[in-house]
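Notes to accompany the following structure.
Just so you know, all these numbers are worked out from the coordinates, no wet-lab data involved. The structure displayed is predicted, hence computed values, not measured ones. Please note: Cβ atoms are built from the backbone with ideal geometry, for glycine as well, and neighbour counts cover all protein chains shown.
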Amino acid sequence: MSRLIIMGGGVSGHTAATFAKKWLGDKHEVIVVTPNSQWNWIPSNIWVGVGQMTKEQVTFPLAPVYKKAKIDYKQAKAVSIHPNGKADNDDAYITIEYTEDGKVGQTEELGYDYLINATGPKLNFGATEGLGEGSNLGEHTVSVCTADHAEHASHELEKIFAKAKAGERQKILVGTGHGMCTCQGAAFEYIFNIEHEAKKAGVRDMIDIKWISNEAFLGDFGMGGLHMKVGGYAVSSKLFAESLFAERNVDWIIGAHVSKVEAGNIHYELLDGSTGEESFDFSMLIPPFAGVGLKAYDKAGEDITATIFAPNGFMKVDANYSAGAYENWKASDWPRTYQNPTFSNMFACGIAFAPPHIISKPMSSPNGTPINPTPPRTGMPSGIIGKAVAHSVCDLITKGDSAKLHEASMAEMGAACVASSGKGVFNGTAAAMTVYPVVPDFEKYPGTGRDTDYTFGEIGLAGHWIKHILHHLFIYKAKVKPGWTLIPE
Amino acid sequence: MSTRKEEANFAKSDQFNLTMLPGKFAIGLRTCKIFQLFRFVVINIKMLIVVSKSH
């Protein structure tokens with residue numbers, strides 16, 4: 001019997017765990033170690049953040065699902081990896097620290113044959129002064145990164161709407177809280193949901209809404225933008241995004257690194273080196289992401305974290321980390337199997353793997369401050385990579401070390417993104433987009449780097465309906481209900 | 001001369017002035033249930049193709 005440990009139970013880890021158990025059956029052991037007791041369909045946190053859904057509608061308890069799937073579940077956070085075992089034992093193991101009620105703080109060593117790192121990100125609020133401390137949200141802004149954050153954001157937004165109704169002009173600022181953030185899509189969706197709700201509540205005229213982002217241009221989305229076919233033209237997402245903002249009377253500041261957050265005010269630096277301040281009554285700023293801070297040790301107890309992890313805390317995989325300057329970047333730099341180059345029984349998926357470089361063109365201000373989005377690795381790519389990694393591990397277990405590993409390069413993978421505003425069936429609207437591939441391949445698709453037959457975007461009710469369906473489908477799938485494998489990642 | 005309502009935002013900022021805004025016809029199509037039902041089918045097919053190419 002082999003033992004597979006999956007650290008993390010988010011979209012990628014949960015996908016990997018459920019498929020691995022399905023494929024391995026009872027002959028082998030699958031253990032999930034995650035500090036969370038609830039699974040969260042994060043894309044719908046946006047609706048929680050504007051009071052259109054409750055926290056309970058976007059989360060469910062993990063324990064019963066894992067019990068049904070016969071997956072061993074440890075509500076604990078992984079602390080360290082010991083891939084060569086310890087002085088008196090060669091068996092690889094990890095150390096975990098329980099977060100479960102009644103066992104908080106207890107530690108345990110768990111041996112493994114295969115390890116998948118799907119820990120997701122540390123929400124690094126502490127990277128920006130005033131945005132928060134470490135991974136804890138500060139007092140000046142709100143977030144929609146977790147269901148709890150979104151619920152809090154909704155309550156704060158209610159107060160803003162109440163003030164606007166009472167005739168007090170309000171200012172809302174939404175975007176990214178640092179020059180190296182990713183996940184612009186979530187903030188993008190949130191700002192338009194706020195605008196929609198403000199209109200619905202009859203207070204839109206009393207609220208100024210502004211976007212601030214580290215993107216060099218609107219519509220970059222951390223992917224260097226994209227080109228889509230509209231009206232017979234292949235047009236840049238810049239035009240698409242700017243049109244959305246202009247139509248909704250939402251002004252923007254782009255190429256901005258938020259350097260400091262205070263009560264009702266932020267300080268920022270722009271790509272041209274100039275600095276500025278922006279006041280707000282309500283602000284949702286996405287924090288930058290970092291690795292969760294796992295450590296690694298060799299047999300003698302020496303720290304080998306730098307061997308396994310990149311400086312940003314994400315796990316090294318089969319990517320080309322020495323591509324150098326932007327001019328040398330290639331689609332082939334991106335990992336295919338997500339296997340750690342040092343320890344072949346170790347993989348990473350979802351946000352936890354270290355990308356070779358960013359996707360957008362690297363930018364920095366004349367003062368040397370890097371201001372560019374980091375690569376998105378959430379949603380559909382996260383699920384697909386989790387499944388591919390689980391498949392590889394299962395083959396290694398059942399077919400032996402010579403089994404061919406499964407591949408899921410982001411340079412050969414598409415992604416669907418639906419940013420929807422409103423919750424009603426007929427009174428919402430959405431920007432539905434697909435991009436193929438996520439990482440542009442300029443050798444295969446000279447010009448745009450992508451296949452414009454499969455990279456498209458359009459606005460309307462249809463995308464809004466898709467967003468509704470995705471919410472229910474993915475929660476159904478994550479609950480491992482009958483037919484769950486038929487729902488694609 | 002009256003300004004068309006859907007074009008009013010062009011004047012609200014220099015940034016808005018340099019982009020495109022949808023006219024009545026485009027806005028009508030976005031909310032037309034019959035047209036959107038058709039687009040729903042088309043978008044789903046396109047997304048499924050992208051998903052199948054990605055696995």
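Sparsely packed loop sites in the range A:167-230 (the trypsin sites (Lys or Arg not before Pro) outside DSSP H, G, I, E and B with at most 15 other Cβ atoms within 10 Å) comprise A:R169.
Charge dipole of the protein assembly as shown (Cα centre as origin; +1 on each Lys and Arg Cβ, -1 on each Asp and Glu Cβ, all else neutral): 2020 debye, rounded to the nearest 20. In order along the range A:409-417, the Karplus-derived 3J(HN,Hα) couplings, from 6.51 cos²θ - 1.76 cosθ + 1.60 at θ = phi - 60°, round to 6, 5, 8, 10, 10, x, 8, 10, 9 Hz, and Gly and Pro are given as x.
Straight-line reach from A:K481: which aspartates and glutamates have a Cα under 16 Å away, not including same-chain ones fewer than 8 places off? Qualifying aspartates and glutamates at Cα under 16 Å: A:E489. When only alpha carbons are used to place a centre, the range A:123-160 and the range B:22-53 end up 35 Å from one another. Each of A:F192, A:F347 has some number of other Cβ atoms within 10 Å of its Cβ, and from fewest to most they run A:F192, A:F347. Among the listed pairs A:K22/A:K477; A:K21/B:K53; A:K21/A:K74, a Cα-Cα separation exceeding 22 Å is found for A:K21/B:K53. Axis angle, to the nearest 10 degrees, between helix A:147-165 and the longest C-alpha principal axis of chain A: 10 degrees. For A:K330, go through the lysines and keep the ones whose alpha-carbon is under 17 Å away, minus same-chain ones fewer than eight residues off. Once the sequence-local lysines are set aside, what remains near A:K330 is A:K361, A:K444. A Cβ-based charge dipole, computed about the Cα centre of the range B:5-54 with Lys and Arg at +1 and Asp and Glu at -1, lands at about 280 debye.
Note on the range B:5-54: along the principal axes its Cα atoms extend 44, 28, 9 Å, ordered by decreasing extent. Hydrodynamic analysis of the protein assembly as shown uses the Kirkwood radius over alpha carbon pairs. Inserted into Stokes-Einstein at 37 °C and 0.692 mPa s, it gives a translational diffusion coefficient of 137 µm²/s.
Cβ crowding within 10 Å, taken as a proxy for footprinting-reagent exposure, orders A:V292, A:V203 from fewest neighbours to most as A:V203, A:V292.
Shown for A:Y338, A:Y112: other C-beta atoms within 10 Å of each C-beta, ranked fewest to most, produce the order A:Y112, A:Y338. Taking the square roots of 5 times each eigenvalue of the Cα gyration tensor of the range A:375-440, largest first, gives ellipsoid semi-axes of 34, 14, 7 Å. Looking at the range A:385-459, the GluC sites (Glu not before Pro) that sit in a DSSP loop and have at most 12 other Cβ atoms within 10 Å of their own Cβ are A:E443. Once you reduce the range A:180-211 and the range A:401-440 to the center of their Cα atoms, the two points are 22 Å from each other.
Listed by chain and number, the aspartates and glutamates whose C-alpha is less than 20 Å from the C-alpha of A:K70, apart from same-chain residues fewer than 8 away, are A:D26, A:E29, A:E100, A:D113, A:D395.
Per-residue ellipticity at 222 nm, computed for chain A from helices alone with -39500 (n - 2.57) per DSSP H run of at least four residues, works out to -7500 deg cm²/dmol. Cross-linked pairs A:K122/A:K467; A:K77/A:K387; A:K77/A:K210; A:K423/B:K46: Cα-Cα separations exceed 30 Å for A:K77/A:K210.
Applying both filters, DSSP loop and at most 12 other Cβ atoms within 10 Å, to the GluC sites (Glu not before Pro) of the range A:58-142 gives A:E139.
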